[in-house]
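**Q** My questions will all concern the structure given below.
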Amino acid sequence: MAYATNPVDTNRGTTNIQLPSQLSTDIWAKAIESSAVMQLAQRVNLPGSGVTIPVITGDATADWVAETAEKPVSKSTFGVKQMTPYKMAVIELFSNEFRRDLPALYAELERRLPLSLGKKFDETVFHGTAPGSNFDVLTNSTGVGIGGTGAYSKLVGVYETLATADASLTGWALSPQGKAMLLSAVDGNERPLFVPNVNDTAVIGRILGAPVAETKAVYKAGTPAIVGFAGDWEQARYGIVDGINVAISEEATINDGTNQINLWQRNMFALRVEAEFGFIVKDPAAFVALTNATE
């Protein structure tokens, strides 16, 4: 592997930096904010060795009884799901000149790093390949078209599809493209089905009673394109191990592709952000992919 000899364009700059103690907490909060999966699914405590989560596979059944007759006995049935954590990480390089403006550094970290973690997590869950075993993805979910006319009846059809799978619709993950489709939908009298809130911001907070989480990561181009997901998020669990870990180095040698960059020699520093995530669903059939198909 060769050492990089050309200037490294970071478009940044610093000397002596003190990262705010709240930084890791803020990064994690922003990661959750940018992830539809983390907003809609339930979080569980996840140790580094993984965790076994019991799931109810069948409920006890009540029945009518005559006076003085013995009461029926019924049992719930249970199963287990194993959740295994996998590490996600990103490194950002900065020039030392950038340290002269600590608020700008903090704002840059706050804006960019959490988004990259939340985006990658959502991309993997909705469209990607699991990083390993005991990590579920929704890649093979049934597609339901909500494009064209009759948007309301098509959204009701999503409920019907999930009901057929014995699931309830508890939340929608919607892309900006999907939101635009629904904001343009009208009823038979050309009145919009969804209207901006009191601040005149075109935000859809709920669809047919279920909450909406927005994310760019849910969109996938194609014919048809996937513009969102809907499903029974009470069946979904995500976990993290020890939150977000933040580390900074001024003397490391960074491998960037086929180049090695010596930070000390270049008056640079690197910020590393990493976390271990897990995700499972009780039944993948409890989720459908929303597409822009018109039929």
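**Q** Could you calculate the FRET efficiency of residue 44 with residue 251 from 1/(1 + (r/R0)^6), where r is the beta carbon distance between them and R0 is 35 Å, rounded to 0.05?
**A** Values: r = 38 Å, r/R0 = 1.08.
After rounding to 0.05, the efficiency reads 0.40.
**Q** Follow-up question, since we're still on this one. What's the local net charge at residue 142, with K and R +1, D and E -1, over the other residues with C-beta under 13 Å away? Kindly include the intermediate steps, with their values, before the conclusion.
**A** On the way: positive: none; negative: 160, 283.
Combined, the nearby Lys, Arg, Asp and Glu give -2.
**Q** Can I ask one more? List 272, 191 from most exposed to least, where exposure is judged by having the fewest other Cβ atoms within 10 Å. Can you show the working numbers first?
**A** Numbers: 272 16, 191 8.
Starting with the residue having the fewest Cβ neighbours, the order is 191, 272.
**Q** Also, quick follow-up: Could the peptides 245-254, 162-171, 211-220 be put in order, highest first, of the mean number of other beta-carbon atoms found within 10 Å of their residues? Before the final figure, lay out each step's value.
**A** Details: 245-254: 14.6, 162-171: 17.1, 211-220: 20.2.
By packing density, highest mean first, the sequence is 211-220, 162-171, 245-254.
**Q** Around residue 236, under 13 Å between beta carbons, what's the net of Lys plus Arg minus Asp minus Glu among the other residues? Provide the component values of the computation, followed by the final result.
**A** Details: positive: 43, 81, 237, 282; negative: 122, 136, 232, 234, 283.
Cβ neighbours under 13 Å give a net charge of -1.
**Q** Taking neighbour Cβ counts within 10 Å as the exposure measure, how do 194, 229 sort from fewest upward?
**A** Working: 194 18, 229 29.
Starting with the residue having the fewest Cβ neighbours, the order is 194, 229.
**Q** Another one. Within 10 Å, count the other beta carbons around each residue, average over each peptide in 32-45, 144-157, and list them highest first.
**A** On the way: 32-45: 19.1, 144-157: 16.5.
Descending mean neighbour count gives 32-45, 144-157.
**Q** What's the exposure ranking of 291, 52, going from fewest to most Cβ atoms within 10 Å? Walk me through the numbers on the way to the answer.
**A** Numbers: 291 20, 52 9.
In increasing order of surrounding Cβ atoms, one gets 52, 291.
**Q** Right, another one. Kindly state, to the nearest 0.05, the FRET efficiency for residue 216 paired with residue 266, given R0 = 45 Å and r defined as their beta-carbon distance. Before the final figure, lay out the partial values.
**A** Working: r = 33 Å, r/R0 = 0.74.
Given R0 = 45 Å and the Cβ-Cβ separation, E is 0.85.
**Q** Lysines near residue 87 by alpha-carbon distance under 20 Å, same-chain residues fewer than 8 away left out - which ones?
**A** The reachable lysines, counting only those whose Cα sits under 20 Å from residue 87, are 30, 119, 120.
**Q** Please work out the FRET efficiency for the pair residue 191 and residue 294, using the Cβ-Cβ distance as r and a Förster radius of 22 Å; give the result to the nearest 0.05.
**A** 0.60
**Q** Please enumerate, by chain and number, the lysines with C-alpha under 27 Å from the C-alpha of residue 154, excluding those fewer than 8 residues away in the same chain.
**A** 179, 216, 220, 282
Values quoted throughout were computed directly from the atomic coordinates according to the rules given, and no laboratory measurement underlies them. As the structure is a prediction and not an experimental result, all values here were calculated from the model. Every residue, glycine as well, gets a Cβ built from its backbone with ideal geometry; the counts of neighbours run over all protein chains shown.
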